[in-house]
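Only one structure is covered here, and it is reproduced in the block below.
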Amino acid sequence: MKKIFFATTNKSKWKDFEIWCSNIDYERMTPFDIPKSLWPKFEENGTTHEENARIKALNWSRVVSDMFILANDCGLDIPALGKNWEAVLTKRAVGGDKISDLEKIKKFIEIMKDLKGEDRAMRWHDAIAIAKDGKIFGTSTAEGPKGYAIEKLPDNPVIIPGAALATADFRPEYWKVYSEFTDKEMKQSDQYMIKPFQKLIVETVK
């Protein structure tokens, strides 16, 4: 059975990784299966999500040998913000790891406060990369369906730990924010990335 290393310490992403790998038999490993002293230190300085996914996969593949490394990078594209917003810097733009998920949501709402109507439209952009022993074996990118930034925080927000902005992503076709989706609804909405990502993983991890 092939081993696949999920190259993220964000446990909320593991569910996505598992869905992407669901068409193959594999044994999962994560950063928490190796000593923290071995975790690589590197800068995510790519100009695209694909470049950042490659950076993550390559750096982890140099400390975790003889298995496929699966890495991901994603961010929000918000055209109306223009040069005031870069999708590849989404996490850093709302506070990075320094503040809580709730504070990230509040900061995002503040960033979007002057935008109205269609100017509040946004899309997730995703990318994955697969590496092994210091070599990239494949990459894939995807663009999500259009959502809209919420204007105010609800009284009892549903927050997915590690995925704060899912609470701010309103999807009119479901009439609720992404964090309130059922598992079935998430899979339906995420087909834009599930299918191409599954295809790459099946073709690569043989």
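The values are calculated or read from the model by the stated rules, or taken from the named source; none is laboratory data. Note that the structure is predicted; figures quoted are calculated from it, not measured. Cβ placement follows ideal geometry from the backbone for every residue including glycine, while neighbour counts extend to all protein chains displayed.
Things worth noting here:
- For region 173-194, filtered to residues that are under 16 Å from the mean Cα position of the chain (by Cα) and farther than 13 Å from PHE17 by Cα, the residue that is surrounded by the most Cβ atoms within 10 Å (Cβ to Cβ) is TYR178.
- Of everything in region 103-134 that is touching a residue at least 60 places away in the same chain (Cβ under 8 Å) and over 23 Å from GLN191 (Cα atoms), the residue that is surrounded by the most Cβ atoms within 10 Å (Cβ to Cβ) is ALA131.
- Any hit, region 104-124, residues being closer than 26 Å to PRO145 by Cβ, of a type in the set (Phe, Trp, Tyr) and assigned to a strand (DSSP E or B): yes
- Listed by position, the helices (runs of 4 or more DSSP H) inside region 11-102 whose residues that are within 21 Å of LYS195 (Cα to Cα) and without any contact (Cβ under 8 Å) to a residue 24 or more places away in the chain number at least 3 are 14-20.
- In region 182-191, the count of residues that are touching a Ser or Thr at 6+ places or on another chain (Cβ under 7 Å) and in a helix (DSSP H, G or I) is zero.
- Among the residues of this structure, PHE197 counts as one that is buried (at least 17 other Cβ atoms within 10 Å of the Cβ), among the aromatic types (Phe, Trp, Tyr) and part of a helix (DSSP H, G or I).
- Extreme residue, surrounded by the most Cβ atoms within 10 Å (Cβ to Cβ), among residues of region 1-10 that are in a loop (DSSP other than H, G, I, E, B) and touching a Phe, Trp or Tyr at 6+ places or on another chain (Cβ under 7 Å): ALA7
- Taking region 78-88 as the range and being more than 18 Å from the chain's Cα centre (by Cα) and small (Gly, Ala, Ser) as the test, the residues that pass are ALA80, GLY82.
- Unique residue being under 16 Å from the mean Cα position of the chain (by Cα), modelled with pLDDT of 95 or more and more than 14 Å from LYS135 (Cβ to Cβ) when the list is LYS104, LYS91: LYS104
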